[in-house]
Amino acid sequence: MKYEEKLENVTVLGAAGKMGSGILYLTATEMVRQKFIPANKNREFVLYAMDTSHKALTDLLTYIREQAWKFAEKNIVNLRKAYQDREDLIDNEQIIRQYAQDLLSTIRPVTRIESAFESNIIFEAISENPDLKVELMSTINKNNRNKPWFFTNTSAIPISWLDEQAQLNGRIMGVHFYNPPAVQKLLEVVKTENTRPELSYFVADYIKNIGKIFVPAYDVAGFIGNGYLMRDVLYAEKLVNKLQQDFSYVQSVYMVNKISQDFLIRPMGIFQLADYVGIDVVQFIMSVMKPHMSKENFHSPLIDQHLHDIIKGGQHPDGSQKDGIFKYEKGQITAVYDPGKKRYLPVSEFSQECDEYLGEFPEGWQPWKKINRNPEKGELLKKYFENLRLSKKPGAQLALDYIKKFREIASDLVKNKVAFKFDDVNAVLIYGFHHAYGPVNDYL
Amino acid sequence: MVAGYNTISMGTGRSEFHPKKSRPDLEDYIKEAGENVLIQIGGAQNVDECVIANFIASRYNKQANLAAFFPYIDPGLTNKPCVRVEGACATGGLGLATGIKSVLAETADVVLVVGVEVQNSVKAVYGADILSAAGWYKERKDGHAHFFPGKFSDRAGAYFNAYGREKTRQAMARWYYNAIENARLCPTAQEFENQQKKLEELALTEPNPRMFVDHLNVYDCSKVSDGASAIAIVSDEGLKRCGISKNDAIEVVGLGQAEYDLTRAPEDPVRLTTTEVAVKKALDMAGITREQLATVECHDCFTIAAIMAIEAMGFAKPGEGSDFILAGHTSREGKIPFNTTGGLIGWGHPTGATGVHQAVTIWEQLTEKAGNSQVKIPADKPYAMTVNMGGDDKTLVSLVYKKC
């Protein structure tokens, strides 16, 4: 079956979720793009948006409409050509409206699983619940005569385990988008030993057509992204414990976050990133990875303590940050949660002592946003890291230790056959996590 | 002409501008510009007639019947004869021409002319639809998404083929550099706060046909602007009535208008033939040669339009407009300084206001009121010229002014 035939009927499971909505939108854009090809003019593309809540599906359509308008506005030059034979569409506005309508008309919001029984392709983007994933995929597989292909968005569960449990006979592959899928350029792609080659051919075309890039990863729990992130969180926690010998808990968390953001010139500190991902999600990923990691202890008491106090982080529906390890006001960290006192302590009350201890930034320091945009980024980072290395201040020293650990994690990911090569780990960190530089670099 | 006034040219580049925050509306700009002229001419009671120049508020702002905003500027203008004129980007020039003719016809001794446009009410992609009304609507379907950049990109492509790309692109970049340098001297200019260091390098960015047009980059184009400009056109009698000294006024000595068939393609894609006609008419009426001009405001909606305008005015032969710019002749220290407050690219292009803004700039220069933008006006060259173009060289208004 050709690519476009396969694409004729697709279901996205968990379509109203953070990841599912993006995957749904991108797939809809690809369907409309296919429809513009003259040979596909009479081909019907159907995209089932499956989720459990009608309310969430209604909101989903609003999101998709907004995304479609934005896309059409940005790509108006090409869309005018695509709609050239439509004499009734003259103004940009008419074309943009038509595009949004065409894109929405591919989508069928549904709450019943039976719709997926006729699909050729299933994108699975439900929560990281291994049993639920297996149950849904297995049910669809048993009831679907098309021998559907399953593309799972899991960022943690080994694909071969899902294949075996759901008895998919190699018709599954990991296609892991980064959050939010509509914006993030990178995907991680995971084949098992049994994955049928035609799935990876399709995925390569699909990713290229939606304008993304991918890195391959071995089928090891957590893959490259979470393989790195979870270890980073665990290292950060270890550092917090060490600093607590001389400082309070909130001060230690504040300092480790500052080291991992500012001194390392990253877009956000490690604990802010945990809040962004969701503390519950971090714990869940660790718990999913743990059974597959015999030599490492994938468990974070710090994360557990927050969840015990029902502190979860994550985002509000409008995309703003919920309180987690930190309290946020207009996206800025204002306080740190103290599990001992069961309340947030304002950063302003203790930050001065921490900042004095860490010391000023070495010469050449610039915030991530500024340096990452600079065309001379490489040179600027080189100079900064030279000065970081020469500095004897505790902040610089801790940052150097952190960077060494950062590189060690990357090295282990290759050594332990999670990543195929260093470049892939760098690509995940640069394109997936938006770091200004990868862990394997010439700066230090 | 006397008592010119410009509001800020608002849009991207101005620190006050934020697309999601509220901004002044059409009537706010009209009022600000109109009031400030009235203050200079002694009040509304001195005005006989009013002209408002606006291209297309009916679509940008869902507002028509703009002449009725004059009494909103000042109740003293209630029941005065008022009219609104339109001629795409030459609207401001037409507003001036209308006022001049009233004075010449002796129906008025003092005419208040306000030019205005508020375009940031919609995103640029929809603004392109609105602005395409300056062309023939039946060409819209086959036109580029960015309709007018598309038209002038085609002209640029033809010009590159005829006279070479590299030098032309360098001249376009130099034009951009001069425009921004001049705008940095004028506090109301949209690019006043532009701090880019490598302007010419930036302007040499390769065009990206996938996202924009084939032969122009964004630096080759004037921006989307909101703003108003106003000025009073007065007779000798009017000048006395307003109590203004002749030294504070400039004399209109030449008016050239020309029109080309909207449904026809340009006669020659590498020439602005209608501009040629209008400029000639204006100079003939003034009875001077271009060599007697101290400064010029030309319609640089696109950098390539500036090169072609220089040739249409006769400052350079066909194909040599680029050399004229690259030799530095159009810079503020050059032989004939062009667009001394930045022109459409540097100051901004609130469409209906542009022609009036050009006149205000010339009034400021010839009366030595241009502040940091002031260029030298040699005693033997007391003249200046404006060229205001509507559409793709379709509606043209050229004026020649003299220091009083």
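The values are calculated or read from the model by the stated rules, or taken from the named source; none is laboratory data. Just so it is clear, the model here is predicted, and its values are computed rather than measured. Cβ coordinates were reconstructed from backbone atoms using ideal geometry, including for glycine residues, and neighbour counts include every protein chain displayed. Accessible surface is based on the protein model in full, side chains and every heavy atom, while ligands, DNA and RNA are left aside. Shrake-Rupley method; radii C 1.70, N 1.55, O 1.52, S 1.80 Å.
Odds and ends about this structure:
- Segment A:181-209 residues near the modelled A:Gln84 label - backbone nitrogen below 16 Å, point 7 Å along Cα→Cβ: none
- A:Arg43-B:Glu267 pseudo-label distance in nm [points 7 Å out on the Cα-to-Cβ vector]: 5.2 nm
- Considering only A:Gly225, A:Gly22, A:Gly331, the Gaussian network model of chain A with Cα springs below 10 Å gives its largest mean-square fluctuation to A:Gly331.
- Computed from Cα atoms, the angle from the helix A:54-74 axis to the main principal axis of chain A rounds to 90 degrees.
- Cα-based reach from B:Lys394 at 17 Å (exclusive), listing lysines while leaving out same-chain residues under 8 positions away: B:Lys138, B:Lys151, B:Lys280, B:Lys281
- Taking the Cα centre of the protein assembly as shown as reference, the dipole from Cβ charges on Lys and Arg (+1) and Asp and Glu (-1) amounts to some 1420 debye.
- The orientation-averaged projection of the convex hull spanning the C-alpha atoms of segment A:3-217 amounts to 11.2 square nanometres.
- Tensor-based shape of chain A (alpha-carbon gyration tensor, a/c under 1.5 rounded, otherwise prolate or oblate): prolate
- Options B:Tyr137, B:Val114, B:Thr98, ranked by Cα towards positive dipole end of segment B:78-172, top entry (Cβ charges): B:Tyr137
- When chain A is described by a simple charge dipole with +1 on each Lys and Arg Cβ and -1 on each Asp and Glu Cβ, the residue from A:Ile122, A:Ile279, A:Val425 located farthest towards its positive end is A:Val425.
- Per the protein assembly as shown, cysteines lacking a partner by the 4.7 Å Cβ criterion: A:Cys354, B:Cys89, B:Cys186, B:Cys221, B:Cys242, B:Cys298, B:Cys301, B:Cys404
- Expressed as a whole percent, the accessible surface of segment B:294-404 that belongs to carbon and sulfur atoms is 49, based on a 1.4 Å probe.
- Shape of segment A:125-250, Cα gyration tensor, a/c cut at 1.5: prolate
- Length gained on full extension, A:Asn179 to A:Tyr3, computed as 0.36 nm times the residue gap minus the Cα-Cα distance: 60.8 nm.
- Here the Karplus relation 6.51 cos²θ - 1.76 cosθ + 1.60, evaluated at θ = phi - 60°, turns the backbone of segment B:370-386 into coupling constants of 8, x, 5, 7, 4, 10, 6, 10, x, 4, 8, 10, x, 10, 8, 9, 10 Hz, with x for every Gly and Pro.
- FRET efficiency for A:Asp423 and A:Tyr443, using Cβ-Cβ distance with R0 set to 22 Å, rounded to 0.05: 0.85
- Taking a ≥ b ≥ c as the square roots of the eigenvalues of the alpha-carbon gyration tensor, segment A:376-444 is classed oblate because a/c is 1.5 or more while a/b is no larger than b/c.
- Backbone amide hydrogens, once placed in the peptide plane, bring A:Lys421 within less than 5 Å of nothing, excluding anything fewer than 5 places away on its chain.
- Solvent-accessible area of A:Asp355 with every protein chain in place, 1.4 Å probe, in Å² to the nearest 10: 50 Å²
- Computed FRET value (nearest 0.05) for B:Glu333 with B:Lys20, which takes r as the C-beta separation and R₀ as 56 Å: 0.85
- Note on segment A:3-217: with charges restricted to the Cβ of Lys and Arg (+1) and Asp and Glu (-1), its dipole about the Cα centre is near 260 debye.
- Sulfur and carbon atoms: percent of accessible area, segment A:3-217 [1.4 Å]: 49 percent
- Where trypsin sites (Lys or Arg not before Pro) fall in DSSP loop in segment B:184-285, at most 15 other Cβ within 10 Å: B:Lys197, B:Lys198, B:Arg210, B:Arg264
- The angle between the Cα long axis of helix B:26-40 and the longest principal axis of the Cα atoms of chain B comes to about 50 degrees, rounded to the nearest 10.
- Residues A:Glu379, B:Glu364, B:Glu117, ordered by accessible area of protein heavy atoms at a 1.4 angstrom probe radius and largest first, appear as A:Glu379, B:Glu364, B:Glu117.
- Gain in span if fully extended, A:Lys322 to A:Arg145, counting 0.36 nm per residue against the direct Cα distance: 59.4 nm
- The GluC sites (Glu not before Pro) found in segment A:106-210 that occupy coil by DSSP, while having at most 10 further C-beta atoms within 10 Å, are A:Glu193.
- With respect to chain A, whose longest principal axis is taken over its alpha-carbon atoms, helix A:197-209 is tilted by about 80°.
- Counting only other chain Cβ atoms within 10 Å of each residue's Cβ, the peptide B:139-145 averages 5.
- In the context of the full set of protein chains, chain A has a per residue accessible area of 46 Å² (1.4 Å probe).
- Springs join every pair of Cα atoms under 10 Å in this Gaussian network model of chain A, and among A:Asp309, A:Asp91, A:Asp232 the largest mean-square fluctuation is at A:Asp91.
- Share, in percent, of DSSP beta bridges within chain B that are antiparallel, nearest 5: 65 percent
- Rounded to the nearest 0.05, the FRET efficiency derived from the C-beta distance between A:Glu135 and A:Thr58 at R0 = 25 Å is 0.45.
- Residues in segment B:113-133 that a label on B:Asp28 would reach, taking backbone N under 20 Å of a point 7 Å out along Cα→Cβ: B:114-124
- Among the residues of A:70-77, the average count of other protein chain beta-carbon atoms within 10 Å of the residue beta-carbon is 4.
- Under the Karplus curve 6.51 cos²θ - 1.76 cosθ + 1.60, θ = phi - 60°, whole-Hz ³J(HN,Hα) for segment A:47-52, x wherever Gly or Pro sits: 10, 7, 9, 9, 7, 8
- Members of A:Lys312/B:Lys21; A:Lys290/A:Lys377; B:Lys317/B:Lys402; A:Lys383/A:Lys421; A:Lys377/A:Lys417 lying beyond 29 Å, as alpha-carbon distances in this model show: A:Lys312/B:Lys21; A:Lys290/A:Lys377; A:Lys377/A:Lys417
- Two-decimal log10 I(q)/I(0) for chain B, as the Debye equation yields it once each C-alpha is a single scatterer, q = 0.08, 0.12, 0.13, 0.14 Å⁻¹: -0.36, -0.86, -1.02, -1.21
- The calculated 222 nm mean residue ellipticity attributable to helices in chain B amounts to -10500 deg cm²/dmol, summing -39500 (n - 2.57) over DSSP H runs of n ≥ 4 and dividing by all residues.
- Interface size, chains A and B: roughly 1500 Å² of accessible area buried, both sides included, 1.4 Å probe, rounded to the nearest 100.
- Placing +1 on each Lys and Arg Cβ and -1 on each Asp and Glu Cβ, with no other charges, gives segment B:272-404 a dipole about its Cα centre of roughly 340 debye.
- Couplings 3J(HN,Hα) of segment A:235-242, computed from phi: 5, 4, 5, 4, 5, 4, 4, 5 Hz, in residue order, whole Hz [Karplus 6.51 cos²θ - 1.76 cosθ + 1.60, θ = phi - 60°; x for Gly and Pro].
- Over the C-alpha trace of segment B:71-224, radius of gyration and Dmax come out as 19.6, 57 angstrom.
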